[in-house]
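As structure tokens, the structure follows; a few thoughts come after it.
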Amino acid sequence: MGNSNNTVRVFGALFLGAAIGGVLGILFAPEKGSETRKRLSAKGEDLSDAMKEKVEELIEEFKKNAETVKGKTDELMENGKAAYDQYKVN
């Protein structure tokens with residue numbers, strides 16, 4: 001679970017850095033306002049798409065981890081029940 005938290009932080013930092021760099025680059029570019037707005041809009045859509053993709057990846061990772069935990073829990077429950085039944089018989 002700690003690895004997942006680090007992954008979120010890395011993606012968050014990358015997203016923030018890309019957003020700030022993109023906005024500053026566009027604002028200081030010598031273009032007309034309409035062109036700047038178009039570029040800002042396009043960058044915003046690109047960043048939004050990238051963020052959606054990363055969130056979907058994190059959700060899939062979470063689902064895999066949850067399935068693993070559920071499987072291990074089921075296994076432990078079965079082992080505990082078997083041990084209890086064996087102890088109860090003896």
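The values are calculated or read from the model by the stated rules, or taken from the named source; none is laboratory data. What you are looking at is a predicted structure, and each value in this text was computed from that prediction instead of being measured. Using ideal geometry, Cβ is built from the backbone for each residue, glycine included, and neighbour counts are taken over all protein chains shown.
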Breaking point among (1) touching a residue at least 40 places away in the same chain (Cβ under 8 Å); (2) loosely packed, with under 10 Cβ neighbours inside 10 Å; (3) aliphatic (A, V, I, L, M), for residue 8:
(2)
Picking from 43, 38, which residue would you name as being more than 24 Å from the chain's Cα centre (by Cα) and not β-branched (Val, Ile, Thr)?
38
Return yes or no: is residue 55 β-branched (Val, Ile, Thr), surrounded by 11 or more Cβ atoms within 10 Å (Cβ to Cβ), part of a helix (DSSP H, G or I) and modelled with pLDDT of 85 or more?
yes
